[in-house]
1. Tell me, which longest segment in chain B has none of the trypsin sites (Lys or Arg not before Pro) that fall in DSSP loops with at most 15 further Cβ atoms within 10 Å?
2. Summing +1 for each Lys or Arg and -1 for each Asp or Glu, what net charge is found among the other residues whose Cβ lies under 10 Å from the Cβ of B:Lys254?
3. Please list the non-local residues whose amide H lies under 5 Å from the amide H of B:Gly245, H modeled 1.01 Å from N, same-chain partners needing a gap of 5 or more.
4. Just list whichever of A:Lys3/B:Lys181; A:Lys3/B:Lys217; B:Lys77/B:Lys110; A:Lys3/B:Lys164; A:Lys3/B:Lys20 have alpha carbons separated by over 20 Å in the model shown.
5. Please give the contour-minus-distance gain from B:Phe188 to B:Glu143: 0.36 nm per residue of separation, less the Cα-Cα distance, rounded to one decimal in nm.
6. For chain B, what is the calculated [θ] at 222 nm in deg cm²/dmol (nearest 500), taking -39500 (n - 2.57) for each run of four or more DSSP H residues and dividing by its residue count?
7. Give the residue list of chymotrypsin sites (Phe, Trp or Tyr not before Pro) in the stretch B:167-232 that are DSSP loop and have at most 14 other beta-carbon atoms within 10 angstrom.
8. Assuming R0 = 41 Å, what is the FRET efficiency of B:Asp132 and B:Ala105, from their Cβ-Cβ distance, to the nearest 0.05?
Amino acid sequence: SGKQPTLMSFFKKT
Amino acid sequence: MFEARLTASATFKKILDAIKDLLNEASFDCSESGIQLQAMDNSHVSLVSLMLRSDGFDKYRCDRNLTMGMNLANMAKIFKCANNEDTVTIKAQDDADIVTFMFEAKKQEKISDYEMKLMNLDQEHLGIPETDFSCVIRMPSGEFARICKDLAQFGESIMISCTKEGVKFSTGGDIGTANVKIAQTNNFEKEEESVTIEMQEPVSLTFACQYLNSFTKATPLASQVQLSMSDNVPLVVEYQIPDLGHLRFYLAPKIEE
């Protein structure tokens, strides 16, 4: 049920 | 020199219980302002963010910024050796490769110390922007835990839909479907039992049950949990640690295939 993206799709590495 | 003393070692036990399923190891960043931790789980789908303010400790000293990489399972073993009522003191020298945990019973009749080797962790930090969330839900943490546990029996994902009227948690699978609706309360007397919704616009997002259930391990830390949601933005599940700080979990929403 839906694809699970990682957090890196939303937040940038610092 | 770093030294932090907290009367209730139970709080640390609860924090470790809340994060040790998601993280094997983590870096504790110590500075004058307090102790911070930011780490993603192995699959990089969720993130743990812990803040313990220095003014929440009974004694706090941090001469130089210090990063302590710790194995959380080993740290949990050490805290198992403490009684809930014990005072805990965490100590490290500036360039140390070990950290010391000292537990003191209330009347000083028993004092124990445990040294643990620190680890050099190469952890990725993510920049998390400030977000004005479309929906902020505050509800009893026990109720949220109950719903996540109940719905996990029926599906792998939970859709959380928030409108002005209330919040709906839904799932579906081979057995059928399950829906739980929670209405906003007007219970001003018992704040810990209230449900409040601040909504700019309605939001509906889908999340993996497995992670939501992991987050609810933090339930003993706070009577209320705060869920913050916006379209196409990770969910924030926040537990306020009374007088000390907060534990936040971020979770990437699932997207349509």
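1. Values: sites that count: B:Arg64, B:Lys106, B:Lys107, B:Lys110, B:Lys164, B:Lys190.
Segment B:191-257 is the longest.
2. Here the charged neighbours net out to -2.
3. Hits under the 5 Å cutoff: B:Arg53.
4. On the way: A:Lys3/B:Lys181 25 Å; A:Lys3/B:Lys217 25 Å; B:Lys77/B:Lys110 18 Å; A:Lys3/B:Lys164 28 Å; A:Lys3/B:Lys20 25 Å.
Among A:Lys3/B:Lys181; A:Lys3/B:Lys217; B:Lys77/B:Lys110; A:Lys3/B:Lys164; A:Lys3/B:Lys20, the Cα-Cα distance tops 20 Å for A:Lys3/B:Lys181; A:Lys3/B:Lys217; A:Lys3/B:Lys164; A:Lys3/B:Lys20.
5. So the chain would gain 14.4 nm between B:Phe188 and B:Glu143.
6. Working: 4 runs with 39 residues, N = 257.
Helix contribution divided over all residues of chain B: -4500 deg cm²/dmol.
7. On the way: sites: B:Phe169, B:Phe188, B:Phe207, B:Tyr211, B:Phe215; in loops: B:Phe188.
In loop regions of the stretch B:167-232 (DSSP not H, G, I, E or B), the sparsely surrounded chymotrypsin sites (Phe, Trp or Tyr not before Pro) are B:Phe188.
8. Working: r = 47 Å, r/R0 = 1.15.
So the FRET efficiency works out to roughly 0.30.
We did not get these values from a lab; they are worked out from the coordinates using the rules stated. Because the structure is a prediction, the values reported are computed rather than measured. Positions of Cβ are backbone-derived with ideal geometry, glycine not excepted, and every protein chain shown enters the neighbour counts.
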